[in-house]
Ligand SMILES: [Fe+2]
């Protein structure tokens, strides 16, 4: 199973030729993880002190920065939190430049969403199965309806001790959906309107959002699937960068510490091959409109 597509690029503002652009977008939309093994996000000496889980507030997994510049779940003195916000802002800008440069056709409709800093070690944390990201899943969020729009995520391993980030990457989306979709029960439509009305969600959830969340939950709850489904372990070295559509790539983060992550949302119409979007795959399988 070929899960990775490597790009030998060491700049955040690359100028890929047409051939590479083509290969990269085909790989990305086809469900591969794009790895840039030589692209690091270096921290100057003045920021090295921020590499510690002590800046993580409460029980949160991540420090989170909204596109509006608001930082959440951070801890520490005001000065340190401000320094962390600067670091994350810089990462968000560079990530946006990189994705726009590698995929010019995405640039116009690329929406910068949340940025996260993940300073805690993953291995050994205990969560309920549905919240456990060491189980294979596609990303789908209960409070963030996408209505078919894509979730593209870019990660940089900034571990200062040379430790890799370890993932498992699973089978193609279509294969997973064939197995799991028949088990997904859809909630009654009314519930979605009620959730939106009480502002529990950012907008009304579509049937697409319900099916994607069902795939996320049912795959995570299935111990036999987790163990037996086709999968490969992937190691992302320290000082490397990678990206994939996490609403399509079955992934599980198994070990590692100190990662920066940028989420983007993208319209299906911006894709080179829109038929590969999960909404179009699922609509074909379900035989009806889902958003
Ligand atoms: Fe995920």
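Structural remarks
- Number of the exception - residue 206 against (1) touching a strand residue (DSSP E or B) at 6+ places or on another chain (Cβ under 8 Å); (2) modelled with pLDDT under 95: (1)
- Failed criterion for residue 63 (all others in (1) crowded, with 21+ Cβ neighbours inside 10 Å; (2) within 16 Å of the ligand (Cβ to nearest atom) hold): (2)
- Of residues in region 230-251 being touching a helix residue (DSSP H, G or I) at 6+ places or on another chain (Cβ under 9 Å) and more than 16 Å from the ligand (Cβ to nearest atom), the one farthest from residue 136 (Cα to Cα): 241
- Residue check for residue 265: surrounded by fewer than 21 Cβ atoms within 10 Å (Cβ to Cβ), under 22 Å from residue 26 (Cα atoms), within 11 Å of the chain's Cα centre (by Cα) and within 16 Å of the ligand (Cβ to nearest atom): yes
- Boolean, residue 227 is within 16 Å of the ligand (Cβ to nearest atom), over 30 Å from residue 50 (Cβ atoms) and outside any loop (DSSP other than H, G, I, E, B): no
- Residue that is nearest to the ligand (Cβ to nearest atom) [pool: residues in region 133-145 that are modelled with pLDDT of 95 or more and farther than 24 Å from residue 88 by Cα]: 137
Rundown of residues vs (1) touching a residue at least 12 places away in the same chain (Cβ under 8 Å); (2) buried (at least 19 other Cβ atoms within 10 Å of the Cβ); (3) in a helix (DSSP H, G or I), yes/no style:
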| position | (1), (2), (3) |
| --- | --- |
| 2 | yes, no, no |
| 5 | yes, no, no |
| 9 | yes, yes, no |
| 13 | yes, no, no |
| 16 | yes, no, no |
| 21 | yes, no, yes |
| 26 | yes, no, yes |
| 35 | yes, yes, no |
| 38 | yes, no, no |
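- Subset of region 151-165 that is away from the ligand (no atom under 14 Å from the Cβ) and under 16 Å from the mean Cα position of the chain (by Cα) - its residue that is surrounded by the fewest Cβ atoms within 10 Å (Cβ to Cβ): 157
- Members of region 100-119 found to be in contact with a strand residue (DSSP E or B) (Cβ under 7 Å, 6 or more places away or on another chain) and either over 20 Å from residue 62 (Cβ atoms) or modelled with pLDDT under 95 (or both), listed by number: 106, 109, 110
- Figure legend. Inter-residue proximity from region 171-189: first residues at pLDDT 90 or above, second residues surrounded by fewer than 18 Cβ atoms within 10 Å (Cβ to Cβ) and part of a helix (DSSP H, G or I), beta-carbon distance below 8 Å, spacing 6+ or different chains. Indicated pairs: 173/281; 174/281; 177/281; 177/285; 178/285; 181/285; 181/286.
- None of 85, 81, 135 is within 15 Å of the chain's Cα centre (by Cα) and surrounded by 13 or more Cβ atoms within 10 Å (Cβ to Cβ) except 135.
- Qualifying residues in region 111-132 (those that are in contact with a helix residue (DSSP H, G or I) (Cβ under 6 Å, 6 or more places away or on another chain) and under 29 Å from residue 274 (Cβ atoms)) - the one nearest to the ligand (Cβ to nearest atom): 115
The values are calculated or read from the model by the stated rules, or taken from the named source; none is laboratory data. The structure displayed is predicted, hence computed values, not measured ones. In this analysis, Cβ positions are derived from the backbone assuming ideal geometry, glycine residues included, and neighbour counts consider all displayed protein chains.
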